[in-house]
Amino acid sequence: MGTLWERLAAADTLVYLDLPVWRHYWWVTKRCLQGAWRSPLGWPERSPLLKGTLTAYRTVGLCHDKLIVFAFNPKKIG
């Protein structure tokens with residue numbers, strides 16, 4: 001995720017939408033459940049749904065922890 005942090009550091013404007021973290025976890029769960037019947041939108045054919053879901057859960061947690069700090073103190077993230 002180095003690229004994400006570099007882009008955020010270089011940005012002159014950051015729009016922070018304060019949505020509850022549970023909502024993001026719900027969206028990941030919903031996509032996983034729907035993926036049992038059809039491929040999620042924007043995903044390549046035959047991509048591993050379970051692996052992608054587990055990665056998304058981890059990413060939601062990391063972004064929630066790191067982006068809140070970044071939104072209120074951009075110099076703290078490096």
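On inspection, W5 qualifies as at pLDDT below 80 and outside any loop (DSSP other than H, G, I, E, B).
Each residue in the stretch 24-43 was checked for being in a loop (DSSP other than H, G, I, E, B) and over 18 Å from the mean Cα position of the chain (by Cα), and 4 of them qualify. Restricting the stretch 66-78 to residues that are surrounded by fewer than 11 Cβ atoms within 10 Å (Cβ to Cβ) and charged (D, E, K, R) leaves a set whose member that is modelled with the highest pLDDT is K75. For first residues located in the stretch 8-35 and at pLDDT 80 or above, partners that are outside any helix (DSSP H, G or I) and among the hydroxyl-bearing types (S, T, Y) and lie 6+ apart or on another chain with Cβ distances below 8 Å do not occur. Only residues that are out of contact with any Ser or Thr (no Cβ under 9 Å at 6 or more places or on another chain), surrounded by 13 or more Cβ atoms within 10 Å (Cβ to Cβ) and at pLDDT 80 or above were counted across the stretch 36-62, and they come to 6.
The values are calculated or read from the model by the stated rules, or taken from the named source; none is laboratory data. Since this is a predicted model, take the numbers as computed values, not measurements. Backbone-built Cβ (ideal geometry, glycine too); neighbour counts: all protein chains shown.
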